[in-house]
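Asker: Got a structure here, written out as structure tokens. Questions coming.
All of the numbers you see were taken from the coordinates with simple rules; none came from a lab. Worth saying up front: this structure is predicted, and the values here are computed from it rather than measured. Using ideal geometry, Cβ is built from the backbone for each residue, glycine included, and neighbour counts are taken over all protein chains shown.
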Amino acid sequence: MNPDLVLYDSRIQQYVATLDIAALEALESITETKTYPKGSLMLKAGQICRNSFELVSGIARKYHLHNGAEITNEIYFEHDLALSFGSYALQRPSEEYIEALTDVTARVIHYDSFQKAKEEHPMLRQLDLMLLEYYGIWVEDRMNQMRRYSATERYKQLLEHTPHIIKSVPLTYIASYLGISLETLSRIRSRR
């Protein structure tokens with residue numbers, strides 16, 4: 001993982017540890033734990049993303065369709081926050097799907113409940129801003145990787161930061177996430 005992301009994630013965790021009891025209780029009161037069986041859609045294209053999903057266990061992916069092909073945008077693991085950002089922030093229909101690749105357990109917070117909690121607890125507004133900044137840094141880092149690095153370099157980085165991905169995620173989705181064909185990924189893997 002990018003060192004800047006690790007540092008920022010640490011800052012978020014430190015901030016969460018400073019939340020007052022009232023803010024923590026408000027957050028807990030609006031959080032529901034749900035399970036999603038392998039293969040189920042946590043969000044469908046055309047739906048408004050009204051929930052954020054913090055993965056407690058399992059693996060999920062976010063993808064969109066392009067000319068009938070599924071293009072994987074993100075792969076989520078334990079502790080990751082899954083949502084269709086544009087749909088969630090603007091409360092408009094999503095162009096993306098979120099799919100459980102394994103059985104997933106997630107802590108789910110409804111958009112309206114979180115907005116109300118932020119009004120009542122300013123510390124939650126700061127947390128929301130920090131999460132938004134983290135996502136912005138992640139997106140910028142991902143775009144830079146796609147522009148600066150070869151497919152082989154992107155694959156090596158993926159293995160360095162999430163080595164368990166190869167055992168957990170179908171190669172088709174990994175190739176799509178890296179922006180390459182399955183054949184190219186197979187060639188890269190055979191050279192290792």
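Asker: Just to check your reading of the model, which residue among Y134, Y155, Y173 is in contact with a strand residue (DSSP E or B) (Cβ under 6 Å, 6 or more places away or on another chain) and either surrounded by fewer than 17 Cβ atoms within 10 Å (Cβ to Cβ) or in a helix (DSSP H, G or I) (or both)?
Answerer: Values: Y134 fails: in contact with a strand residue (DSSP E or B) (Cβ under 6 Å, 6 or more places away or on another chain); Y155 fails: in contact with a strand residue (DSSP E or B) (Cβ under 6 Å, 6 or more places away or on another chain).
Within the list Y134, Y155, Y173, the selection yields Y173.
Asker: Output the number of residues of region 140-192 satisfying the condition of being farther than 19 Å from K62 by Cα, without any contact (Cβ under 8 Å) to a residue 12 or more places away in the chain and not small (G, A, S).
Answerer: Residues in region 140-192 being farther than 19 Å from K62 by Cα, without any contact (Cβ under 8 Å) to a residue 12 or more places away in the chain and not small (G, A, S): 12 in total.
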